[in-house]
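Please read the structure below before turning to the comments.
The values are calculated or read from the model by the stated rules, or taken from the named source; none is laboratory data. What you see is a predicted model, and the numbers here were worked out from it, not measured in a lab. Here Cβ is always computed from backbone atoms with ideal geometry, including for glycine, and neighbour counts include all displayed protein chains.
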Amino acid sequence: ERISLHISIKVDERNIDVLIAPLDGLDNQVIGAIIVLQDITEMLHLEKVRSDFVANASHELKTPISAIRGLVETIIDDSSMDKSVLTTFLGRIQNQAIRLDTIVQDLIRLSRFDAQDTIRRDSNVNLSEIIRAVYKAKLEDAADSGVDLMLDIPSDSIVIQGESEALDQMVSNLVDNAIKYCGDDGKVELRLSRRGQMACIEVKDNGIGIPKEDQQRIFERFYRVDRGRSREQGGTGLGLSIVKHVVGSHHGEVTVRSGLDKGTVFEVRIPSTLVAVSE
Ligand SMILES: Nc1ncnc2c1ncn2[C@@H]1O[C@H](COP(=O)(O)OP(=O)(O)OP(=O)(O)O)[C@@H](O)[C@H]1O
Ligand SMILES: [Mg+2]
């Protein structure tokens, strides 16, 4: 009788898929067996990352949705609600809707990365202009949080090949974090410079800092240092994973220097003389 066997085994830390099947000779006689070994460790890991991602994303979306539902129910139930209370509630609903929008935008961007993992790098982008635009856009946020935001860019323009929208989002995310995680008397510096063939973007704050053991993990999707500490600030933990993707797809590198309560510097280096890659 013909039997093939399909089993999975674990060797050290690796998962191996084993398929054993009979090997037929010329006259349908079994003359041996074929054994196929396949290392499926990486595949299982990717499956787990994917299912964790869906679970985390659903959880993050649920929080603002529950808040909106609760607020709307209260408004509906209380027909004689005070005008000022109503205004407060509507403001909160608006904030939660904005939060939902941000999460969905981030998720869309990440899934676009996963789908193609490359970015249009076909156009020249003036990095100096992007940095200046982000600076202007964040001045009000900074002032609202009592943070002194400073800009330092060279007088001549630095141009790279890339996608301006993605680069804009990357710098915005770094500046958002710097403003969000710097304590009282906050100072944030946004700096652009040229180092040889590299364009260098630095975002420096004097805030709460990041413990050494978390410094690699902060670039993972949904990872947040000490949820208690981060929770009061609001956020999803997607910002830096987007930063890493954007920088990587521009052939650059992002590094972090930080210590607890010693402030943080994120440094992004991108080659400024990229040759356009034909697809
Ligand atoms: N400049 C910083 N200073 C201190 N901690 C930081 C700084 N930037 C990031 N972190 C830590 O790294 C974590 C991950 O940052 P990331 O930007 O990915 O997520 P987030 O800011 O929590 O949420 P999101 O950006 O999605 O709204 C943050 O939760 C925070 O704990
Ligand atoms: Mg962030």
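Things to note:
- Residues of segment 33-42 satisfying the condition of being among the β-branched types (Val, Ile, Thr) and exposed (fewer than 12 other Cβ atoms within 10 Å of the Cβ): Ile34, Ile35, Val36
- Conditions (1) within 14 Å of the chain's Cα centre (by Cα); (2) buried (at least 21 other Cβ atoms within 10 Å of the Cβ); (3) of a type in the set (D, E, K, R); number of the one not met by Arg224: (2)
- Qualifying residue in segment 199-208 (condition: assigned to a helix (DSSP H, G or I), in contact (Cβ under 8 Å) with a residue 60 or more places away in the chain and within 9 Å of ligand 1 (Cβ to nearest atom)): no
- Single match in Lys262, Lys244 (criterion: at pLDDT 85 or above, among the basic types (Lys, Arg) and more than 13 Å from the chain's Cα centre (by Cα)): Lys262
- Among residues of segment 170-225, those that are farther than 16 Å from Leu149 by Cα and away from ligand 2 (no atom under 16 Å from the Cβ), counted: 12
- The residue that is nearest to ligand 1 (Cβ to nearest atom), counting only those in segment 234-257 that are assigned to a helix (DSSP H, G or I) and in contact with a strand residue (DSSP E or B) (Cβ under 7 Å, 6 or more places away or on another chain), is Val243.
- Residues of segment 132-179 that are free of Cβ contacts under 8 Å to residues at least 12 places away in the same chain and under 21 Å from the mean Cα position of the chain (by Cα): Glu165 alone.
Yes or no, residue by residue, for (1) touching a Ser or Thr at 6+ places or on another chain (Cβ under 7 Å); (2) surrounded by 12 or more Cβ atoms within 10 Å (Cβ to Cβ); (3) free of Cβ contacts under 8 Å to residues at least 12 places away in the same chain:
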| residue | (1), (2), (3) |
| --- | --- |
| Ser4 | no, no, no |
| Glu13 | no, no, no |
| Leu23 | no, no, yes |
| Ile31 | no, no, yes |
| His59 | no, no, yes |
| Arg69 | no, yes, yes |
| Asp78 | no, yes, yes |
| Thr87 | no, no, yes |
| Arg92 | no, yes, no |
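- Complete set of residues in segment 122-171 that are closer than 24 Å to Asp185 by Cβ and part of a loop (DSSP other than H, G, I, E, B): Ser145, Gly146, Val147
Residue-wise test of (1) out of contact with any strand residue (DSSP E or B) (no Cβ under 7 Å at 6 or more places or on another chain); (2) aliphatic (A, V, I, L, M); (3) in the same structural domain as Ser111 (by TED's automatic domain parsing).
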residue: Glu129; (1), (2), (3): yes, no, no
residue: Ala142; (1), (2), (3): no, yes, no
residue: Asp148; (1), (2), (3): no, no, no
residue: Ser157; (1), (2), (3): no, no, no
residue: Gln161; (1), (2), (3): no, no, no
residue: Leu174; (1), (2), (3): no, yes, no
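- Tally, over segment 105-151, of residues that are at pLDDT below 90, surrounded by fewer than 16 Cβ atoms within 10 Å (Cβ to Cβ) and among the acidic types (Asp, Glu): 3
- Filter result for Thr102 (outside the structural domain of Leu238 (by TED's automatic domain parsing) and exposed (fewer than 13 other Cβ atoms within 10 Å of the Cβ)): no
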